[in-house]
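Reviewing the structure listed below.
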Amino acid sequence: MTHPFVARHYGSRAYDYVASAVHSQGQDLDLIERSVAGRGLGRVLDLGCGGGHVSYRLAPHVQEVVACDITPAMLEAVAQEAGLRGLPNITTVLAPAENLPFAAGTFDAVFCRFTTHHWADALAGLIEARRVLSPEGTAVFVDVVAPPSALSDSWLQTLELLRDPSHVRDYSVAEWTAMLGQAGFVVRLMQTHRLPMAFESWVARTKTAASCVAAIRALQQNAPDDVTRGFEMAADGSFTLDVGCFEVTAL
């Protein structure tokens, strides 16, 4: 199983993700907050909470947010930050997405942002998300999406793995749609947007080894024109990713 590996890998990086500008802002976070504002929801799940930014946005609008992750240090950081922000309705639970310790239909809504690409079994995690969601509930999944081009897909996965050995896969929109359907969801809204990534902070967050940083830069500098254009690669290594946002309901 990859769970202990991922937890060890991110243990020393927890506060980097709490402080990350990329993770603490974005139009997808705005969409998530709008999806709960004024609805009077009770208990909601932030699945694979990482630095907790979804939880912080949700907490003022719901009775309870359960922030769930497999990295104890992440959960400690989230609990501390929630205290500093005066958000006592955020609780933390240690568990993998593929095996959630909650009864069926526990949550009024489920949110999952920038974490599915780490899951050992993405479909199993989505099935669990569907299981713990109430029949009338909604869920929002946000993650980097792979380009439809096989060439660009290969380059993206290679760069991601060199940067972060806990990376499993960035799934394409087509893969996401298929998995969500298999898990028992209906996609009500799907949108994508471009996300600029500053190279230095991108590798600093994961404390990427110098040898791997050099390998990434070498690949970027020798990338085919289609790849360079598609990812808008800059001279300093900065580039742009596609992010998909899937708002779903239960079948």
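The values are calculated or read from the model by the stated rules, or taken from the named source; none is laboratory data. Note that the structure is a prediction, hence the values are computed from the model and not measured. Using ideal geometry, Cβ is built from the backbone for each residue, glycine included, and neighbour counts are taken over all protein chains shown. Surface accessibility is based on the protein's heavy atoms, side chains included, excluding ligands, DNA and RNA. Shrake-Rupley method; radii C 1.70, N 1.55, O 1.52, S 1.80 Å.
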List every residue pair whose Cβ atoms sit under 7 Å apart, with the two residues 6 or more apart in sequence or on different chains, where the first one lies in segment 73-85 and is within 12 Å of His53 (Cα to Cα) and among the charged types (D, E, K, R) and the second, anywhere, is open to solvent by less than 40 Å² (accessible area, probe 1.4 Å) and not in a helix (DSSP H, G or I). Glu81/Gly52
Take segment 100-149 and flag every residue that is of a type outside the set (Gly, Ala, Ser), open to solvent by less than 50 Å² (accessible area, probe 1.4 Å) and in a loop (DSSP other than H, G, I, E, B). Leu100, Phe102, Thr106, Phe114, Thr115, Trp119, Val145, Pro147
For segment 213-221, does any single residue satisfy the condition of being aliphatic (A, V, I, L, M), open to solvent by less than 70 Å² (accessible area, probe 1.4 Å) and not in a helix (DSSP H, G or I)? no
Residues of segment 138-175 classified as of a type in the set (Phe, Trp, Tyr) and either in contact with a strand residue (DSSP E or B) (Cβ under 8 Å, 6 or more places away or on another chain) or at pLDDT below 95 (or both), total: 2
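Can you find even one residue in segment 167-180 that is touching a residue at least 12 places away in the same chain (Cβ under 8 Å), part of a helix (DSSP H, G or I) and of a type in the set (Phe, Trp, Tyr)?
Start the filter on segment 167-180 by keeping residues that are touching a residue at least 12 places away in the same chain (Cβ under 8 Å), which leaves 167-177, 179-180.
With the extra rule that they be part of a helix (DSSP H, G or I), the set shrinks to 173-177, 179-180.
Next, only the ones that are of a type in the set (Phe, Trp, Tyr) stay: 176.
Checked against the condition, which is being touching a residue at least 12 places away in the same chain (Cβ under 8 Å), part of a helix (DSSP H, G or I) and of a type in the set (Phe, Trp, Tyr), segment 167-180 yields at least one hit.
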Being outside any helix (DSSP H, G or I) and open to solvent by less than 50 Å² (accessible area, probe 1.4 Å) is the filter; apply it to segment 181-191 and report the residue that is farthest from Ala104 (Cα to Cα). Val186
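Of these, Val110, Val65, which one is without any contact (Cβ under 8 Å) to a residue 40 or more places away in the chain and touching a helix residue (DSSP H, G or I) at 6+ places or on another chain (Cβ under 6 Å)?
On the way: Val110 fails: without any contact (Cβ under 8 Å) to a residue 40 or more places away in the chain.
Matching residue, one of Val110, Val65: Val65.
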If we keep only residues of segment 225-241 that are in contact (Cβ under 8 Å) with a residue 40 or more places away in the chain and open to solvent by less than 50 Å² (accessible area, probe 1.4 Å), then the residue nearest to Pro135 (Cα to Cα) is Leu241
Of the conditions (1) buried (at least 21 other Cβ atoms within 10 Å of the Cβ); (2) over 30 Å from Thr177 (Cβ atoms), Leu87 satisfies every one except a single condition; which number is it? (1)
Can you find, within segment 30-54, the residue that is most open to solvent (accessible area, probe 1.4 Å) among those that are assigned to a helix (DSSP H, G or I) and either touching a residue at least 60 places away in the same chain (Cβ under 8 Å) or more than 14 Å from Phe141 (Cα to Cα) (or both)? Arg34
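Can you tell me which residues in segment 193-216 are among the hydrophobic types (A, V, I, L, M, F, W, C) and in contact with a Cys (Cβ under 9 Å, 6 or more places away or on another chain)? Write out each step before concluding.
Residues of segment 193-216 that are among the hydrophobic types (A, V, I, L, M, F, W, C), as a first pass: 195, 197-199, 202-204, 209-210, 212-216.
Selection gives Val203 alone.
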Do any residues in segment 152-163 that are closer than 12 Å to His117 by Cβ have Cβ atoms under 7 Å from those of residues that are basic (Lys, Arg) and open to solvent by 10 Å² or more (accessible area, probe 1.4 Å), where the two are at least six apart or on different chains, and which pairs are they? Gln157/Arg169
